[in-house]
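Undergrad: Can you keep this structure in mind? I'll have questions shortly.
The values are calculated or read from the model by the stated rules, or taken from the named source; none is laboratory data. Since the model is a prediction, treat every value here as computed from it, not as a measurement. Note that each Cβ is placed from the backbone with ideal geometry, even for glycine, and that neighbours are counted across all protein chains shown. Ligands, DNA and RNA are stripped out before the accessible areas are found, and what is left, the full protein with its side chains, is counted by its heavy atoms. Shrake-Rupley method; radii C 1.70, N 1.55, O 1.52, S 1.80 Å.
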Amino acid sequence: MNKTDTIKAQIAESIRVKQILLSDESLMEQVAKVADLMIAAYRAGHKTMWAGNGGSAADAQHMAGELVNKFTFDRPGLAALSLSTDTSIITAVGNDYGFDRLFARQVEAQGCAGDVFIGISTSGKSPNLVNALAACKEKGIKSVAIVGANPCPMDDYDYVIHVPSTVTPRIQECQTLIGHILCYIVEQELFG
């Protein structure tokens, strides 16, 4: 296969997964419920906290930035944190409590009942995110996981959005799309 064929095949596969996503009405309802959850949190003066590892850490930072700054138009900033970005906190918690407690410790310190936590994971098995979801439950923080197609430990918590793929790049592409959709709906509902 030449490079052009490879490029076309990758784009076609990305489109195929998004078409499955588009045709899944229960998934659309789950995304709408998460958007409503975020809107209610913001109307009550609360925040969203985002977290992930690796590429998902970048997505967490990206989505928090879209909410704090702006998404499609100029408007007041919305309170959002990426728990994947502060190197001093990451290294302190990792050193003193272990990497598995990285996000739970931050949820315990910075989260309040009424906030929303969104964990992004391709596998849905990351211990540090599973522990963060447990910490959310203890504090009365609504939790959301955006994961791949396979059943996972994160299924035991509040809201789980399963992307219809087991291929990491396809999952990540859809996670970004879902994050953008959430930001769009929140921005439109609050300021549109």
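Undergrad: Considering each residue of the range 33-56, count those that are part of a helix (DSSP H, G or I) and touching a residue at least 40 places away in the same chain (Cβ under 8 Å), and give that number. Steps first, answer last, please.
TA: Narrowing the range 33-56 to residues part of a helix (DSSP H, G or I): 33-43, 55-56.
Of the ones still in play, those that are also touching a residue at least 40 places away in the same chain (Cβ under 8 Å) are 33-35, 37-39, 41-43, 55-56.
Matching residues across the range 33-56 total 11.
Undergrad: Then there is this: Can you give me the number of residues within the range 1-46 that are in contact with a strand residue (DSSP E or B) (Cβ under 6 Å, 6 or more places away or on another chain) and of a type in the set (D, E, K, R)?
TA: 0
Undergrad: Please note which strands (runs of 3 or more DSSP E) are completely contained in the range 74-182 and include at least 2 residues that are crowded, with 21+ Cβ neighbours inside 10 Å and touching an Asp or Glu at 6+ places or on another chain (Cβ under 7 Å).
TA: Details: elements: 80-82, 116-120, 142-147, 159-162.
Qualifying strands (runs of 3 or more DSSP E): 142-147.
Undergrad: How do the pairs read when you match residues in the range 163-175 that are more than 17 Å from residue 151 (Cβ to Cβ) with residues anywhere that are modelled with pLDDT of 95 or more and open to solvent by 60 Å² or more (accessible area, probe 1.4 Å), using Cβ under 7 Å and keeping only pairs 6 or more apart or on different chains?
TA: Within 7 Å, the pairs are 174/18.
Undergrad: Follow-up. If I go through the range 20-36 residue by residue, how many of them are under 14 Å from residue 175 (Cα atoms) and open to solvent by 80 Å² or more (accessible area, probe 1.4 Å)?
TA: Looking only at that region, the number is 1.
Undergrad: Can you name the residue in the range 183-192 that is part of a helix (DSSP H, G or I) and not charged (D, E, K, R) and, of all such residues, is nearest to residue 56 (Cα to Cα)?
TA: Filtering first and then ranking leaves 183.
Undergrad: Another question, then. Given the condition loosely packed, with under 12 Cβ neighbours inside 10 Å and in contact with an Asp or Glu (Cβ under 8 Å, 6 or more places away or on another chain), answer yes or no: does some residue in the range 44-51 qualify?
TA: Of the range 44-51, the ones loosely packed, with under 12 Cβ neighbours inside 10 Å are 44-45.
Cutting the leftovers down to in contact with an Asp or Glu (Cβ under 8 Å, 6 or more places away or on another chain) gives us none.
No, the range 44-51 contains no residue that is loosely packed, with under 12 Cβ neighbours inside 10 Å and in contact with an Asp or Glu (Cβ under 8 Å, 6 or more places away or on another chain).
Undergrad: Taking the range 67-97 as the region of interest, how many residues are under 19 Å from residue 121 (Cα atoms) and under 14 Å from the mean Cα position of the chain (by Cα)?
TA: 5
Undergrad: From 13, 66, which residue is closer than 23 Å to residue 166 by Cα and either open to solvent by less than 30 Å² (accessible area, probe 1.4 Å) or not β-branched (Val, Ile, Thr) (or both)?
TA: The match here is 13.
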